[in-house]
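Some notes on the structure that comes next.
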Amino acid sequence: IETTGLADPAPVVQTFFVDETIAEMYSLDSVITVVDAKVILDRLADEKPKDVENEAVEQVCFADKVLLNKTDLADEATLAKIEREIRKLNP
């Protein structure tokens, strides 16, 4: 299942455990988050209103695997910073 853009992954994952029909038909193997190297640092730094989650942070934290795309649009220093920031959220 793919969710486009920024979405809270928790309700999607929860469906596999709460909905009996879905749970009988499918099993969740892992959560993969695709991260856009061009914009991820800005998205991770976005300040949201009180009680509003930063969806980019949620997605990175929730992921079993993080796939970094558009790496050709970032220099080596930026890619290294992205890796550090992602590892802080999801070691």
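The values are calculated or read from the model by the stated rules, or taken from the named source; none is laboratory data. Since we're looking at a predicted model, the values are computed, not measured. Every residue, glycine as well, gets a Cβ built from its backbone with ideal geometry; the counts of neighbours run over all protein chains shown. Surface areas here come from the heavy atoms of the whole protein model, side chains and all, with no ligands, DNA or RNA. Shrake-Rupley method; radii C 1.70, N 1.55, O 1.52, S 1.80 Å.
Listing for the model above:
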read-out	value
Computed [θ] at 222 nm, deg cm²/dmol, the chain (DSSP H ≥ 4; -39,500 (n - 2.57); rounded to nearest 500)	-13500 deg cm²/dmol
Gyration tensor (alpha-carbon) shape descriptor, the stretch 1-81, a/c threshold 1.5	oblate
In degrees, nearest ten, helix 76-89 long axis to first principal axis of the chain (Cα)	40
Ranked packing of 9-17, 48-56, most packed first, by mean Cβ within 10 Å	9-17, 48-56
Accessible surface, 1.4 Å probe, highest first, among residues ILE22, ILE40	ILE22, ILE40
Exposure ranking of LEU68, LEU73 by accessible area [1.4 Å probe, largest first]	LEU73, LEU68
Simple label model, 7 Å out from Cα along Cβ direction - THR3 to ASP29, nm	2.1
Helix 9-18 axis, angle to the chain major axis (alpha carbon atoms, nearest 10°)	20
Average Cα contact separation per residue, the chain, under 8 Å, 6 or more apart, as relative contact order %	34
